Amino acid sequence: MDYGLQISASGALASMHAQDTLTNNLANINTTGFKPLLTGTMFREAARTEDNLPHMSSNALLERLGSGVFSAPETINFAQGALESSESQFDLAIQGDGFFLVGDPGNPALTRDGRFTISSDNQLVMAATGTPVLSSSQNPISIDPQQGPVEIGGNGVIRQNGAEIAQLGLSDVPDRSILAPIGGGKFAAQGGSALNLIDATGTVRQYHLEASASNEIDSLMKIQSASRHAQSNIGMIDLQNRLITRAINTFGQIA
């Protein structure tokens, strides 16, 4: 395969991958607590350097051209979304840093989606997925809605009729780069290993929800930019293909 085609193809693939990611960000502009993914590219070294084969024969001129690019690992933008008021006593938001603990008590996941509700067995769960919400001791939280309204303080303490019944699990991690989205607005460690949890510094706001941190205008502009980059690389592939065809036909006639 022609070296120029390889370089152009790598750029086209990276741009199309960016388009897919950015389109997902745009599709979630109304998703509560959504955190957009950030994309990028990385320069690809020549095969001799990339594979650590210093004695392999190569072409110095081609190596100076590089080997194109490939998609860099995606990162999550954990910027705070706007807080919007709600009428449900079980709608919660975190103002500042931190996450709600949800899921498996033995290896909990993290979320900023505070749309909670009471299940049929009186457990506090995520409204969108039914995932159990965990307490500060990493146990499911039971609330009997028949016992009266619930008040939730800034520290996550849940009170009913003035009595404390539980405290929400509010945690963070020392290094958020290890987190990956696992669907349903939840995050977990890459590879599924247990998280090293630390105390959250944010405060809980009852009757509020955190809006998506994805920006519609920014996403649209980045999608258009990625689309132009993909089209440019595809155009270069077509140009090089026509040049190769012309060269073959020309030399074939001479022969």
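The single condition from (1) under 30 Å from LEU38 (Cα atoms); (2) surrounded by 16 or more Cβ atoms within 10 Å (Cβ to Cβ); (3) in contact (Cβ under 8 Å) with a residue 12 or more places away in the chain that ALA79 fails is (2). Considering (1) within 18 Å of the chain's Cα centre (by Cα); (2) surrounded by 15 or more Cβ atoms within 10 Å (Cβ to Cβ), say which one GLY202 fails and leave the rest. Failing condition for GLY202: (1). If you go through the stretch 143-180 and pick out every residue that is of a type in the set (D, E, K, R) and assigned to a loop (DSSP other than H, G, I, E, B), you end up with 2. Across the stretch 79-87, a minimum of one residue is classified as touching a strand residue (DSSP E or B) at 6+ places or on another chain (Cβ under 9 Å), charged (D, E, K, R) and at pLDDT 85 or above.
Checking each residue in the stretch 129-145 for being crowded, with 17+ Cβ neighbours inside 10 Å and within 18 Å of GLY33 (Cα to Cα) picks out THR131, PRO132, VAL133, LEU134. With respect to being in contact (Cβ under 8 Å) with a residue 12 or more places away in the chain, over 23 Å from GLY81 (Cα atoms), surrounded by 13 or more Cβ atoms within 10 Å (Cβ to Cβ) and out of contact with any Asp or Glu (no Cβ under 9 Å at 6 or more places or on another chain), ILE178 falls outside the description. Here is the figure for the stretch 181-211: residues that are within 22 Å of ASP91 (Cβ to Cβ), touching a residue at least 60 places away in the same chain (Cβ under 8 Å) and part of a strand (DSSP E or B) total 10.
Between GLY68, GLY40, the distinction of being surrounded by 15 or more Cβ atoms within 10 Å (Cβ to Cβ), out of contact with any Phe, Trp or Tyr (no Cβ under 7 Å at 6 or more places or on another chain), in the same structural domain as ASP238 (by TED's automatic domain parsing) and modelled with pLDDT under 95 belongs to GLY68 only.
Put simply, of THR75, THR117 the only residue that is among the β-branched types (Val, Ile, Thr) and closer than 20 Å to ALA189 by Cβ is THR75. For the stretch 122-135, the tally of residues that are at pLDDT 95 or above and either aliphatic (A, V, I, L, M) or farther than 22 Å from THR31 by Cβ (or both) stands at 9. Taking the criterion of being in a loop (DSSP other than H, G, I, E, B) and within 21 Å of the chain's Cα centre (by Cα), the residues of the stretch 105-129 that qualify are ASN107, PRO108, ARG112, ASP113, GLY114, ALA127, ALA128, THR129.
The values are calculated or read from the model by the stated rules, or taken from the named source; none is laboratory data. No experiment lies behind these values; they were computed from the predicted model shown. Quick reminder, even Gly has a Cβ in these numbers, built from the backbone with ideal geometry, and neighbours come from all protein chains shown.
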